[in-house]
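What follows draws every value from the coordinates through simple rules; no lab data is involved. Computed from a prediction, not measured in an experiment: that's the story for all the values here. Cβ: placed from backbone, ideal geometry, glycine included. Neighbour counts: every protein chain shown.
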Amino acid sequence: MRTYDELSKADQESAHDKALSRLLTAICEGAIRFNDELNGDDLQARIDAAFEKAEAMRTPWFAHEYVMETCDEELRSMALCDAEDAVYRSADDPCVVTL
C-alpha cells in the first residue's frame, strides 16, 4: 500500500480528480449536505442555489457544473483532503478479500 505522497504527480492528480468526482456525485445525489450554521459559512446555501439555477434553466443534468461554478475552491480542498487520507494499492500488493 502507498500513501498519497508516494504516488507520482500524475497519480496524485488522478486520485484528486476521482475524490472530487465522488464528492460531487454524493452532493448531487443528496447523500451529503453541509450545515452552514454549524460550519459558519454558506456552502450549502450556494449548493442549493446552484440546484435552483439548474432547475430554473431547465437543465438539471448540469447541476454539478453550477455547483462547481460557485463552490470550486471548497470542494477541491475537501477532495484533496480525502485523496491525501486514502491509501493506494500497488500492483504487488496481495488481494485482500473480506466477507
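Below are the figures for this structure:
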| item | result |
| --- | --- |
| Stokes-Einstein D in µm²/s, Kirkwood radius over Cα pairs - the chain at 37 °C with 0.692 mPa s viscosity | 216 |
| Amide hydrogen neighbours beyond the local backbone of residue 2, cut-off 5 Å, H modeled | 88, 89, 90 |
| Exposure proxy ranking, count of Cβ atoms within 10 Å, fewest first, for 32, 27 | 32, 27 |
| Net charge over other residues, Cβ less than 10 angstrom from the Cβ of residue 36 (K, R count +1; D, E count -1) | -2 |
| Rg ratio (alpha-carbon, reference 2.2 N^0.38 Å) - the range 5-50 | 1.49 |
| The range 18-57: trypsin sites (Lys or Arg not before Pro) in DSSP coil with no more than 16 other Cβ atoms inside 10 Å | 33 |
| Normalised contact order of the chain, rounded percent, pairs of Cα under 8 Å and 6 or more residues apart | 45 |
| Loop-resident sites, the range 1-65, for GluC sites (Glu not before Pro), counting at most 11 other Cβ within 10 Å (DSSP) | 29 |
